[in-house]
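One structure below.
Only the coordinates and a few stated rules stand behind these numbers; no lab work does. As the structure is a prediction and not an experimental result, all values here were calculated from the model. Cβ coordinates were reconstructed from backbone atoms using ideal geometry, including for glycine residues, and neighbour counts include every protein chain displayed.
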Amino acid sequence: MSAPVASASETFDCRVAFAQELSELAREDERIVAVCNDSVGSSNLVQFQKEFPDRLINVGIAEQDMVGVGAGLALSGYVPFVCGASPFLTGRALEQIKADVAYSQSPVVLCGMSPGMAYGELGPTHHSIEDLSWLRAIAGLDVVVPADPAETRSAVRWAAGAARPVFLRVGRFKVPAVTGDREFSFGAATTLRDGTDVTVVAAGTMVSRALEAAEEAAEQGVSVRVLNMSTIAPLDEDAIRRAMTETRGIVTAEEATTTGGLGAAVAAVVVTERAPVPMRMLGIHREFAPTGTTAFLLEHFGLTAGDIRQAAIGLARADA
Amino acid sequence: MLVADPGTAADWRRFRQEFTDAGPERRREMLRERANQSRTADLHMIGRAGLGHVGGDMSVLDILTTLFFSVLRVDPEKPEWDDRDRFVLSKGHTAGALYATLAAAGFFPEAELQTFAGPLSALNGHPNRVKVPGVETNTGPLGHGLPVSVGMAVAARLSSSSRHVYVVLGDGELQEGSNWEAAMTAGHRRLSNLTAVVDRNRLQQGARTEETNTLDPLDDKFRAFGWDVLEVDGHDHLALHEAFTAPRGDRPTCVIANTVKGRGVSFMEDRVEWHHKVPSAEQIVTAEAELAR
């Protein structure tokens, strides 16, 4: 398998690809509407609003209303993309997400913009590191975390046709292109680099870092497989089981709390198998972040390529 | 998903036609009788299940009966007909009253009521749209119905559909802030195709609303949010019918329906403990006799 190395030279804000694809879809299908909470700018919906003023429903700073309105539109045959900064969309409107969207089976696409620690210096009130834990616990809600602009675009298109409740985590922190011409494949991990010693399972902003880590580990004689797990729920359990038999350990990396997101989901598969493999879970361990930029905070919490490489090499050598 | 009972649906259709043709006194009598039959059915459901929200059920049943038997453009045999009016019961804990009403209209067989709250029944303690035809969205946690109804009204407008959205709210649930977010949106967008009915029985689970967290002046609150407000006796079927069908201006309408919790059963009326107390077999016999009068 080819190894597309993350090029750090050019990086992208996934919200741009998100907005372009959404407008494209809206041109093709008049059922597509956007609902937002005074976030026309931060959700990158300026162009959408210009082109489809009637189909942009801005309820103001009112997330519970926003999600309820989205559900009402979905239950009336529309395909609403409900957009808001992820901490407020998921935190403020969690019960609406559970009752009005997931439990009611309303085909709403919840778009958590600027997730993780994208709002670095604004602090923990504006960070959304709990979202994956919260949402993964809700039955019937798909949780999708694209890794780069191309995958964001492809996931937006998939979500518009999914006809079921979806949460889409749309990154603001700039990332390199890593998925190449692979389409987003719902519920399936994609192997971005094959390897035989250790598997790194990454999502979102961590995918390019995992690829970089694998490249560096190879130089030290450790062969690392990199899985882009862009669907967190439902999880591609088969890919995890293959990683368990074909490699000797698993590292998970996510810009989220490790209590219930990607790492916890993978661990739940690993421990129920007959021969579990050792794991390292990289993420944030129930801590509020100190002040700093996103890049600084990722370093602070051990989420750099170097940290991933170290964890992978550590697992490979411990077992050797 | 439960399916319609064609025989009962045909009876319901005849009822609607007869109502249309009848004079005021006959109309009043028809809805009163129909509502009290649903009250009796509801009491038996709660007695059998050993749980339910009897006080609120009795309070809201005249509103539900008036809507389903004389106002809503719906078809029990085509519950997903696109241009149907939408009805949302935001006070989802009075699911029993809704189930009794839907069954009486033929949305599903009345025999199903016997399963209320039993293991694997479609009739959960709070309504589920995936299982029960006529239920438009799942409710139960309070403060959810109005935002969803606003979305439905926005959708109707976007589709240039003449369908109307009716949502019934408990008065106590207006303490949830999400209602006021939605009330602002409805007022701002001048959603004249939306009617919110407040079941104003002045009691919440633990005490009187005004002792807990004052709601009055409720009419002024809604007016201030850009709504037209009508206030009626919530047990006067003709007044309710008139309020629900009155010509609309260019604003959403709030119908404040003044009701009595436990209405129709003397020992339950306006008593806070009957929020979710379960009547004994003897009490049900007494209540049934009162309702048959």
Checklist line | Zero-based 20 Å bins, Cα pair distances in chain A, whole percents | finding: 36, 56, 8, 0
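For a Förster distance of 41 Å, can you work out the FRET efficiency between the beta-carbons of A:ILE61 and B:ARG73, rounded to the nearest 0.05?
Details: r = 35 Å, r/R0 = 0.86.
Calculated transfer efficiency: 0.70.
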Next item on the list: Quick one: which residues, 5+ away or cross-chain, put their amide H under 5 Å from the amide H of B:LEU123? H built at 1.01 Å from N.
Entry: B:ALA117
Check: When the distances between all Cα atoms of the stretch B:139-293 are binned every 10 Å from zero, what whole-number percent does each bin get?
Finding: 11, 36, 32, 16, 5, 0
Next item on the list: Read phi for every residue in the stretch B:52-65 and hand back ³J(HN,Hα) as whole Hz from Karplus 6.51 cos²θ - 1.76 cosθ + 1.60, θ = phi - 60°, with x for Gly and Pro.
Entry: x, 10, 5, x, x, 4, 5, 5, 8, 5, 5, 5, 4, 5
Note to self: From the phi angles alone, apply the Karplus equation (6.51, -1.76, 1.60; θ = phi - 60°) to the stretch B:8-23 and give each ³J(HN,Hα) in whole Hz, x where the residue is Gly or Pro.
What the structure shows: 5, 4, 5, 4, 4, 4, 4, 4, 4, 5, 4, 4, 4, 7, 7, x
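Averaged over peptide B:174-180, how many Cβ atoms belonging to another chain are found within 10 Å of each residue's Cβ? Don't jump to the answer; show the numbers that get you there.
Details: counts 0, 0, 1, 3, 10, 3, 2.
Per residue, the number of nearby Cβ atoms from other chains is 3 on average.
Could you calculate the contour length gain from B:GLU269 to B:HIS188, that is, 0.36 nm times the residue separation minus the distance between their Cα atoms, to one decimal place in nm? Kindly include the intermediate steps, with their values, before the conclusion.
On the way: separation 81, 0.36 × 81 = 29.16 nm, distance 3.78 nm.
Contour length minus the Cα-Cα distance gives 25.4 nm.
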Item checked: Order of B:GLU210, A:GLU212 - criterion: other Cβ atoms within 10 Å of each residue's Cβ, fewest first -> B:GLU210, A:GLU212
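Mind sorting B:HIS275, A:HIS126 by how few other Cβ atoms lie within 10 Å of their own Cβ, fewest first? The partial results should precede the final answer.
Numbers: B:HIS275 20, A:HIS126 16.
With the fewest neighbours first, B:HIS275, A:HIS126 line up as A:HIS126, B:HIS275.
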Next item on the list: Between B:ARG248 and A:PHE288, with labels modelled 7 Å along Cα→Cβ, what's the label distance in nm to one decimal, could you check?
Entry: 4.5
Checklist line | Stokes-Einstein D (µm²/s) once Rh is taken as the Kirkwood radius of chain B over alpha-carbon pairs, at 4 °C in 1.567 mPa s | finding: 69
Check: Considering every Cα-Cα pair within the stretch A:1-128, what fraction, in whole percent, is farther apart than 16 Å?
Finding: 63
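Is the shape of the stretch A:205-320 rounded, prolate or oblate, going by the alpha carbon gyration tensor and its root eigenvalues a ≥ b ≥ c, with a/c under 1.5 for rounded and a/b larger than b/c for prolate? Walk me through the numbers before you get to the answer.
Details: a/c = 1.84, a/b = 1.22, b/c = 1.51.
Because a/c hits 1.5 or more and a/b fails to exceed b/c, the stretch A:205-320 counts as oblate.
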Next item on the list: Among B:HIS276, B:LEU203, B:GLY145, flag the residue with its Cα farthest along the positive direction of the charge dipole of chain B, charges on Cβ as +1 for Lys/Arg and -1 for Asp/Glu.
Entry: B:GLY145
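Near A:THR304, within a Cβ-to-Cβ distance under 13 Å, what is the net charge of the other residues, with Lys and Arg +1 and Asp and Glu -1?
Details: positive: A:ARG209, A:ARG309; negative: A:GLU212, A:GLU216, A:GLU255, A:GLU299, A:ASP307.
With Lys, Arg at +1 and Asp, Glu at -1, the neighbours total -3.
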Margin query: What distance in nm separates the two pseudo spin-label positions at A:HIS126 and B:HIS276, each 7 Å out from Cα along the beta-carbon direction?
Written below: 4.1
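At a 10 Å Cβ-Cβ cut-off, how would you order A:GLU21, B:GLU181, A:GLU255, A:GLU219, fewest neighbours first? Numbers along the way, then the final one.
Working: A:GLU21 19, B:GLU181 25, A:GLU255 32, A:GLU219 8.
With the fewest neighbours first, A:GLU21, B:GLU181, A:GLU255, A:GLU219 line up as A:GLU219, A:GLU21, B:GLU181, A:GLU255.
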Check: How large is ³J(HN,Hα) for each residue in the stretch B:119-133, as worked out from phi by the Karplus curve 6.51 cos²θ - 1.76 cosθ + 1.60 (θ = phi - 60°), to whole Hz, x for Gly and Pro?
Finding: x, 6, 5, 6, 8, 5, x, 9, x, 10, 5, 6, 10, 10, x
Margin query: Rounded to the nearest angstrom and ordered from largest down, what semi-axes does the equivalent ellipsoid of the protein assembly as shown get from its C-alpha gyration tensor (root of 5λ)?
Written below: 52, 25, 21
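Going down the list A:LYS50/B:LYS91; A:LYS50/A:LYS174; A:LYS98/B:LYS277; A:LYS50/B:LYS221, which pairs span over 31 Å between their C-alpha atoms?
Numbers: A:LYS50/B:LYS91 38 Å; A:LYS50/A:LYS174 25 Å; A:LYS98/B:LYS277 28 Å; A:LYS50/B:LYS221 34 Å.
Among A:LYS50/B:LYS91; A:LYS50/A:LYS174; A:LYS98/B:LYS277; A:LYS50/B:LYS221, the Cα-Cα distance tops 31 Å for A:LYS50/B:LYS91; A:LYS50/B:LYS221.
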